[in-house]
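The values are calculated or read from the model by the stated rules, or taken from the named source; none is laboratory data. Here the structure is a predicted model, which is why all the values come from computation and not from measurement. Glycine gets a Cβ as well: all are built from the backbone with ideal geometry, and neighbour counts include every protein chain shown. Calculation scope for accessible area: heavy atoms of the full protein, side chains included, ligands and nucleic acids excluded. Shrake-Rupley method; radii C 1.70, N 1.55, O 1.52, S 1.80 Å.
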Amino acid sequence: MNGRIIRAWVEAMRLRTLPVSVAGVVCGFAYAIANGYGISWAGWVCLLFALLCQTASNFANEYFDWRAGRDAPGREGPRRGVTEGDISPRAMAVATAVTVGVACILGLTLVARGGWWMIAVGAAVVAGVYAYSAGPWPLSTHGLGEAAVVVFFGLVPVSLTYYLLTLTMTAEVLTASAGIGLLGANVLVVNNYRDIPDDRAVGKRTLAVRFGGRAMMRLYRVNAVLAAAALAPGYAHAPGFIVASGLIAAFGFRAAAAMSRESGRRLNPWLGRTAVFMAAASALLLVAALV
């Protein structure tokens, strides 16, 4: 395998967005520790499962967007290996299935901790991996991508991780899971804001295509403010950290103002910054819990 193909596979994984899947699990860790529980093997399985599922989702998105003609060579976003001819469609389809399979095998171990209903949760997550880009009504083409992110990168990983560590659930955890999900949705907001011209050209009806770039930057700010409010109780576990909520809101306004002046590939760094900021918000929750 030559260097160009290796780079294509690494690009297909979209490493700069992987902090999104880490953030939800770390948030679950934080609330478990804050409530007097430790991090058991189930928590680490949740982390690996989340990373594998996001990678599989990225692979599936590339494959199914190619198959449906929703990608074109030379797009503004990260290079698509299948569309550009660096990766065969069959290889990408197989990689998606194998990654999902490994995640499922790993996830089955959680039945020992959480019960047989973990299988239903895992099945829903796998369905989400494919439903985002595949099927007769892919979520990504009907303006539901951001909502899917709130569910599968916020509500599910935070609450599921917390439950598997504690076998309990609280309203505070559910609220925090929504906050983390909103920060994750902002990663997709940036992605779709950047891709408005490309998506409009192929008939992909994202929220950004439907409502325009200005509306997406307003949504970015609103998501940041709501996330800050949702996460504030968690930072209050260590009173000195409550300022972090203000920083989340401030970052949202500053980032949106900066992105409003950019377009195309110049928005790519903001994709990574938004994902890293989401992970940092969760990491700070963990530090607050430990303190």
Share of accessible surface on carbon and sulfur in the range 1-134, whole %, 1.4 Å probe and ligands ignored, is 68
Computed about the Cα centre, the charge dipole of the chain from +1 Lys/Arg and -1 Asp/Glu charges at the Cβ has a magnitude in debye, to the nearest 20, of 680
Computed about the Cα centre, the charge dipole of the range 135-231 from +1 Lys/Arg and -1 Asp/Glu charges at the Cβ has a magnitude in debye, to the nearest 20, of 380
One can check that the equivalent ellipsoid of the range 101-237, built from the alpha-carbon gyration tensor with semi-axes equal to the square roots of five times its eigenvalues, has lengths in Å, largest first, of 29, 22, 8
Between I105 and R266, the two model label points (7 Å from Cα along the beta-carbon direction) sit apart by a distance in nm of 4.7
Here Rg/Rh (Cα, Kirkwood) for the chain equals 0.97
Over the chain, with neighbouring protein chains present, the accessible area per residue in Å² at probe 1.4 Å is 42
The simple spin-label model distance between V287 and T170, using points 7 Å out along Cα→Cβ, in nm, is 2.1
Measure of exposure for R265: accessible area at 1.4 Å probe, Å² rounded to 10, is 130
FRET efficiency for R218 and W41 from the Cβ-Cβ distance with R0 = 41 Å, rounded to 0.05, comes out at 0.45
With a Förster distance of 51 angstrom and the Cβ-Cβ distance between V98 and I242, calculated FRET efficiency to the nearest 0.05 equals 0.70
Most packed first (mean Cβ within 10 Å per residue), the peptides 92-101, 147-156 order as 147-156, 92-101
